[in-house]
Amino acid sequence: MKKNISKILLLMMACIIAYLFLLPLLFMVFTSFKGVAESVTSTTLLPKEWTFENYIELFHNTDTSPVIQWLINTAIITICGTALRITTSVLAAYALARLNVPGKKIILIGLIWAMAIPEIVTYFPLFYIFKQIGGLNTYWALILPSGSGVMCIYLIYNFLIDFPKELEEAGLKIGVSIKCQQAFITFLGLYNSYLWPSLVINKNETRTITLGIAALVLGENYTNPGMMMASTVVSVIPVMIIFIFANKYIVKGFTHSGIK
């Protein structure tokens with residue numbers, strides 16, 4: 001009897017904690033279905049009058065908010081950038097872990113030092129390079145810099161070092177898991193990136209979804225919380241779908257990254 005009571009109490013506590021964590025997400029979703037007046041003045045979570053006008057206006061005004069184009073831009077950049085980083089990272093990590101590379105210790109020390117360098121200090125030279133070659137307002141300015149993932153190389157390297165050579169063929173699925181884990185982390189980083197894209201992209205048609213939402217918030221729609229939340233919901237949906245399908249591999253990647 002005491003065990004059942006303790007389980008019920010733990011379940012209730014878990015539900016309360018989950019609700020607190022989900023509250024911002026629920027607020028975002030429900031506010032997106034409120035009209036302008038209600039979204040500004042409402043003190044309740046649920047809408048009194050449900051409306052799709054925010055979504056209709058968001059997708060209708062393609063001149064000011066080309067959401068579909070922003071999502072297409074984001075998909076191209078994140079998919080290509082993630083594929084580029086994972087490919088270069090796996091090749092570099094495998095070479096360091098399995099091949100007799102000259103100066104391997106120096107390279108590894110260089111990787112550790114590189115991880116200590118703030119990413120923002122690389123923005124000026126990168127911006128200057130892309131400006132000189134005419135790469136501003138193009139996909140290349142957002143894809144090519146993502147090809148250098150020092151942390152990704154180091155994590156995959158550590159995984160390969162700890163994983164026995166004899167089990168490489170048998171451990172193919174584990175290798176896929178660690179790659180999926182790093183791919184998802186890279187994808188999230190590129191998807192949510194704002195500072196670097198804001199420096200190299202200033203045309204509405206080449207914006208990513210993050211830049212687009214920022215433009216909506218900082219523009220005339222700052223007086224319409226419902227519109228802001230609707231655009232945010234649209235941007236969150238692709239990430240949630242990917243996470244649902246890749247969740248199994250992501251969890252396995254975190255589990256097997258500590259294999260000895």
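The values are calculated or read from the model by the stated rules, or taken from the named source; none is laboratory data. Only a predicted model underlies this, so the values are computations on that prediction, with no experimental measurement involved. As a convention, Cβ positions derive from the backbone with ideal geometry for all residues, glycine included, and neighbour counts pool all protein chains shown. Accessible surface areas use protein heavy atoms only, side chains included; no ligands, DNA or RNA. Shrake-Rupley method; radii C 1.70, N 1.55, O 1.52, S 1.80 Å.
Tabulated data for the structure shown
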{"read-out": "Criterion (surrounded by fewer than 17 Cβ atoms within 10 Å (Cβ to Cβ) and hydroxyl-bearing (Ser, Thr, Tyr)) met by exactly one of Thr78, Thr82, Thr87", "value": "Thr87"}
{"read-out": "Subset of the stretch 110-146 [farther than 23 Å from Thr74 by Cβ and either open to solvent by less than 70 Å² (accessible area, probe 1.4 Å) or touching a residue at least 60 places away in the same chain (Cβ under 8 Å) (or both)]", "value": "Gly110, Leu111, Ala114, Met115, Pro125"}
{"read-out": "Listing of helices (runs of 4 or more DSSP H) fully contained in the stretch 97-173 that carry 2 or more residues being modelled with pLDDT of 90 or more and out of contact with any Gly (no Cβ under 6 Å at 6 or more places or on another chain)", "value": "123-132, 140-143"}
{"read-out": "Filtered residues of the stretch 27-39 (kept if farther than 19 Å from Ile213 by Cβ and aliphatic (A, V, I, L, M))", "value": "Ala37"}
{"read-out": "Filter pass, Leu22 being modelled with pLDDT under 90, part of a helix (DSSP H, G or I), open to solvent by 80 Å² or more (accessible area, probe 1.4 Å) and over 15 Å from Asn224 (Cβ atoms)", "value": "yes"}
{"read-out": "First in the stretch 84-109 and on the phi < 0 side of the Ramachandran plot, second anywhere and open to solvent by 70 Å² or more (accessible area, probe 1.4 Å) and at pLDDT 90 or above, Cβ under 8 Å, 6 or more apart", "value": "Leu84/Leu144"}
{"read-out": "Subset tally (residues that are more than 16 Å from Thr31 (Cβ to Cβ), at pLDDT 80 or above and open to solvent by less than 50 Å² (accessible area, probe 1.4 Å)) for the stretch 227-260", "value": "2"}
{"read-out": "Residue match in the stretch 53-64 (condition: in a loop (DSSP other than H, G, I, E, B), among the hydroxyl-bearing types (Ser, Thr, Tyr) and exposed (fewer than 14 other Cβ atoms within 10 Å of the Cβ))", "value": "yes"}
{"read-out": "Any hit, the stretch 199-219, residues being surrounded by fewer than 15 Cβ atoms within 10 Å (Cβ to Cβ) and charged (D, E, K, R)", "value": "yes"}
{"read-out": "Residues (out of contact with any Lys or Arg (no Cβ under 9 Å at 6 or more places or on another chain) and more than 30 Å from Ile56 (Cα to Cα)) located in the stretch 67-88", "value": "Cys80, Gly81, Thr82, Ala83, Leu84, Arg85, Thr87, Thr88"}
